[in-house]
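The numbers here are math on the coordinates, done by the rules we state, and not lab data. Values in this document were obtained by computation on a predicted structure and should not be read as measured data. Heads up, the Cβs are rebuilt from the backbone with ideal geometry, glycines too, and the neighbour counts pull from every protein chain shown.
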Amino acid sequence: MSGKPNPTAIGAFVVGAIALLLGATLFFGAKLFSGSSGRFGATAIFTGSVKGLDVGAPVTLRGVKIGEVTDIHVSFDQRTAEFVIPVTMSLSREDLGIAKDLATRANLQVLIDRGLRAQLKTQSLLTGLLYVDLVFKPESPPRYVDFDTEEPQLPTAPTGLEAIMERMSEVDYEHFYAWELKNVRRFERPVAYKHPAGAVIWVTLNDGNVAGGVGAISN
């Protein structure tokens, strides 16, 4: 027949289990609350391709990592019947100067008004991987996509290539070239002419010198 349970051992076991549970609660709770208060979510919707941008890609500000991409997915906007690709990021409050006790959206809007934009940049030309760089470009109009997101939306700025293409689209092609042909005439037979090596000259063609041949062509 077994003896009676030792009350002291049982009490010690119960106290130890409670202490362990309390310690685990404090440890994981502290990490949870410090993580949620020290970081916040933001979303950027890029109008171009995001090929090469993966979850976990860094988010930088002037070369310093301040966060990472946490989600990329395709959404269908029923209002416009178009697909959009929200890119969700986790950002550091401290690095952006937003205190824990301050409203995120209001203070983020202050930075946006100062020119804060999200821009895609290349991590490596060999791999083609992209990252999100937060830049201050007050001269660049903020580009938003009219799509509801849970997190505050960061406006985007065009990439270098996109900026070049946008400027090219604004060029007046009617006066794009330095020279243009006008009053074009067709000669009935080829004009015999040998251009001097290395020389850049204008050749005047008219009915008189074309009829006279090479010697009559003047520079």
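Observations, loosely collected:
- In this structure the amide hydrogen of Ala57, modeled in the peptide plane, comes within under 5 Å of the amide hydrogens of Val69, none closer than 5 places in sequence on its chain.
- Length gained when the stretch Glu82-Ala197 is fully extended (0.36 nm per residue, less Cα-Cα span): 35.5 nm
- Per-residue 3J(HN,Hα) values for segment 105-110, derived from phi via the Karplus relation 6.51 cos²θ - 1.76 cosθ + 1.60 with θ = phi - 60°, read 4, 5, 6, 5, 5, 4 Hz in sequence order (x marks Gly and Pro).
- Amide H to amide H, with H built 1.01 Å from N, Arg143 comes under 5 Å of Thr156, counting only residues 5 or more places away or on other chains.
- Under the simplified labelling scheme, the Arg114-Asn183 pair shows an inter-label distance of 6.2 nm, with each label point 7 Å from Cα along Cα→Cβ.
- Amide H within-cut-off set for Leu116, under 5 Å, with H built and near neighbours excluded: Lys137
- Computed E for Ala99/Ile72 - FRET, C-beta separation, R0 30 angstrom, nearest 0.05: 0.55
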